[in-house]
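Asks: Just passing along the structure, written as structure tokens.
The values are calculated or read from the model by the stated rules, or taken from the named source; none is laboratory data. It should be emphasised that the depicted structure is a prediction, and the values quoted were computed from it without experimental measurement. No Cβ is skipped: glycine too gets one built from the backbone with ideal geometry, and neighbour counts run over all protein chains shown. Keep in mind that these areas ignore ligands, DNA and RNA; they rest on the heavy atoms of the full protein, side chains included. Shrake-Rupley method; radii C 1.70, N 1.55, O 1.52, S 1.80 Å.
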Amino acid sequence: MSSLRAIVLSPPSRRIIVLWLTISLMVCIGVLALIPLDFSEVPGSDKDHHILAFASLVLPCAVLYPRGIPRLILGGAVYGALIEIIQPLVGRSGDFIDFSADLAGMGLGAILGLGIHHAVESYCGFRRRAVQRRAKNVIQLYNYRPDKTVAEDPLDP
């Protein structure tokens with residue numbers, strides 16, 4: 001028997017969580033990008049750090065609230081461009097290739113997050129259908145696929 005349990009969050013709750021995570025990550029990225037630090041001892045190149053930072057910025061939104069991805073990518077692109085414009089003013093170098101790495105990171109984070117979101121939704125849907133087949137007196141509170149019925153389940157023999 002599986003020990004995984006699903007936490008059901010309403011869309012407003014997911015939006016609030018995504019908003020706070022995104023703001024927190026933006027503050028962290030901004031501080032790390034604008035403080036003159038020496039990253040020579042940290043493994044990986046500067047471009048790897050940009051990709052990782054902006055992938056982590058988009059990942060929570062893609063997992064919890066995929067409808068917000070277009071707005072977040074647009075805002076993240078503007079944010080990345082502003083960071084690259086401000087960096088020369090604080091003693092760091094701004095670079096177009098860094099901005100390209102930011103965009104690549106956002107794309108990578110969106111793809112990974114949507115994959116995780118789809119996997120979780122598929123698993124939850126599979127578990128719901130299994131319970132419906134086995135139980136006779138089940139009250140179904142939420143059907144995320146109202147057009148699909150239990151009889152159309154491809155796993156039925």
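Asks: Given (1) exposed (fewer than 15 other Cβ atoms within 10 Å of the Cβ); (2) in contact with a Pro (Cβ under 6 Å, 6 or more places away or on another chain), identify the lone condition not met by Gly94.
Replies: It fails just one condition, (1).
Asks: Among residues belonging to the stretch 12-42 that are small (Gly, Ala, Ser) and modelled with pLDDT under 85, point out the one that is least open to solvent (accessible area, probe 1.4 Å).
Replies: By that ranking, first place goes to Ser13.
Asks: Further, regarding this structure: If I go through the stretch 68-116 residue by residue, how many of them are under 11 Å from the mean Cα position of the chain (by Cα) and on the phi > 0 side of the Ramachandran plot?
Replies: So the answer is 0.
Asks: Residues in the stretch 100-126 that are over 22 Å from Gly68 (Cβ atoms), of a type in the set (A, V, I, L, M, F, W, C) and at pLDDT 85 or above: how many?
Replies: 1
Asks: Right, here's the next one. Condition test on Leu74, is it part of a helix (DSSP H, G or I) and either exposed (fewer than 14 other Cβ atoms within 10 Å of the Cβ) or free of Cβ contacts under 8 Å to residues at least 24 places away in the same chain (or both)?
Replies: yes
Asks: Under 7 Å by Cβ, and 6 or more places apart or on different chains, what pairs join a residue from the stretch 16-45 that is touching a residue at least 40 places away in the same chain (Cβ under 8 Å) with one that is surrounded by fewer than 13 Cβ atoms within 10 Å (Cβ to Cβ)?
Replies: From the stretch 16-45, the pairs are Leu34/Val90; Pro36/Val90; Pro36/Gly91.
Asks: I would also like to ask the following. Can you find a residue in the stretch 54-68 that is assigned to a helix (DSSP H, G or I), of a type outside the set (S, T, N, Q), closer than 25 Å to Leu89 by Cβ and in contact (Cβ under 8 Å) with a residue 40 or more places away in the chain?
Replies: yes
Asks: Additional query: Using the structure shown, decide if Gly44 is under 30 Å from Pro11 (Cα atoms) and of a type outside the set (A, V, I, L, M, F, W, C).
Replies: no
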